[in-house]
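The numbers here are math on the coordinates, done by the rules we state, and not lab data. All of these numbers come straight from a predicted model, not from anything done at the bench. Neighbour counts run over all protein chains shown; Cβ positions are idealised from the backbone, glycine included.
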Amino acid sequence: MNKKTLIGNIMLLTTSFIWGTAFVAQRVGMDHIEPFTFGASRYILATFALLPIIYFLESKKRKTEIANSNNFDFTPEQKKEERLAYLKGGATCGCVLFIASSLQQIGLVYTSAGKAGFITALYIVLVPIFGIFLKKKVRGLTWLGVLFATIGLYLLCIKEGFTYEFGDLIIFIGAFFWTGHILCCDYFTKKSDPVKLSCVQFFVTFVFSVIAAFLFESPTWAGIVECTIPIVYCGVFSAGIGYTLQMVAQKDTDPTIASLILSLEAVFGALGGYFLLSEILTIRELIGCAIMFAAIIIAQLPSKETETV
């Protein structure tokens with residue numbers, strides 16, 4: 001494993017921790033406001049959180065260009081092409097993110113956080129399957145990691161038998177869009193600036209969320225104020241930091257490996273419930289956590305095997 005891949009994996013692990021603990025904030029948020037209103041509030045915060053970062057990076061880039069004008073001075077055409085790349089990629093990722101996050105938030109109203117975590121994390125199975133159709137090759141060890149991760153998620157999240165309810169179905173449909181989001185990020189981060197891409201996708205998600213909120217809900221400022229802490233955590237940390245780390249990390253990480261690491265959000269969600277909501281982990285759930293971590297290790301073990309589908 002090279003240095004860039006290691007750093008990328010650490011970023012993805014950090015992201016999974018943030019996302020997992022955000023399940024607690026999302027559940028608390030639903031006690032005060034409705035799903036689309038929550039989404040609009042968190043994603044406008046995420047957009048503004050990235051603006052100073054983009055400004056800082058652009059200032060640093062301009063200084064580099066001035067100091068090394070012969071090597072770094074891009075033509076207007078090249079700059080226009082770069083701008084179109086992150087706008088197009090951000091718009092695409094934003095559309096998919098809006099659908100995925102909205103379905104997850106709506107589903108959380110009707111099902112438990114444990115089931116939601118398991119069903120959402122089905123993207124660890126869906127990513128390599130969808131990847132096959134995109135002509136991506138997957139190692140045998142990666143498939144074994146997928147199997148272990150699925151077993152671990154089942155032990156961790158399924159409490160009293162799996163039953164299909166309305167919320168479960170909504171979350172299940174959302175898993176396909178989370179899969180699409182991971183693959184979109186994998187595609188567009190290799191073609192454009194990941195931070196700008198992330199900022200654009202948040203703004204696009206915010207716009208769609210606002211429209212949906214006023215069409216289907218009755219947003220109130222009082223409800224948003226009551227929900228300040230969950231919104232700030234999900235907006236600045238889960239979205240602003242988490243999704244941006246995902247974008248940056250996926251430049252140097254295989255999408256299947258990325259999906260496995262990100263699926264640890266279910267483990268961290270359970271741990272967050274334990275520390276923040278005093279939810280006790282059973283022996284079954286602890287075994288599930290151990291198997292999940294084992295899956296990540298197995299999927300990244302070096303092998304002489306030629307990558308095959």
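Annotations for the structure displayed:
- Amide H within-cut-off set for residue 138, under 5 Å, with H built and near neighbours excluded: 308, 309
- Here the Karplus relation 6.51 cos²θ - 1.76 cosθ + 1.60, evaluated at θ = phi - 60°, turns the backbone of the range 275-292 into coupling constants of 7, 9, 10, 6, 7, 8, 7, 7, 4, 4, 5, 5, 5, x, 4, 4, 5, 4 Hz, with x for every Gly and Pro.
- Point-to-point label distance, residue 293-residue 215, nm (Cα→Cβ direction, 7 Å offset): 4.5
- Under 18 Å from residue 79, Cα to Cα: lysines that are on another chain or at least 8 residues apart: 60, 61, 63, 88, 190, 191, 196
- The range 103-241 - charge dipole about Cα centre, Lys and Arg +1 at Cβ, Asp and Glu -1, debye rounded to 20: 780
- Within the chain, helix-based [θ] at 222 nm, where runs of 4 or more DSSP H residues each add -39,500 (n - 2.57), nearest 500: -25500 deg cm²/dmol
- From the coordinates shown, Kirkwood radius over Cα pairs in Å corresponds to which of (1) 20.0; (2) 19.3; (3) 24.4: (1)
- Each part gets one Cα centre, and for the range 87-119 versus the range 6-23 those centres are 17 Å apart.
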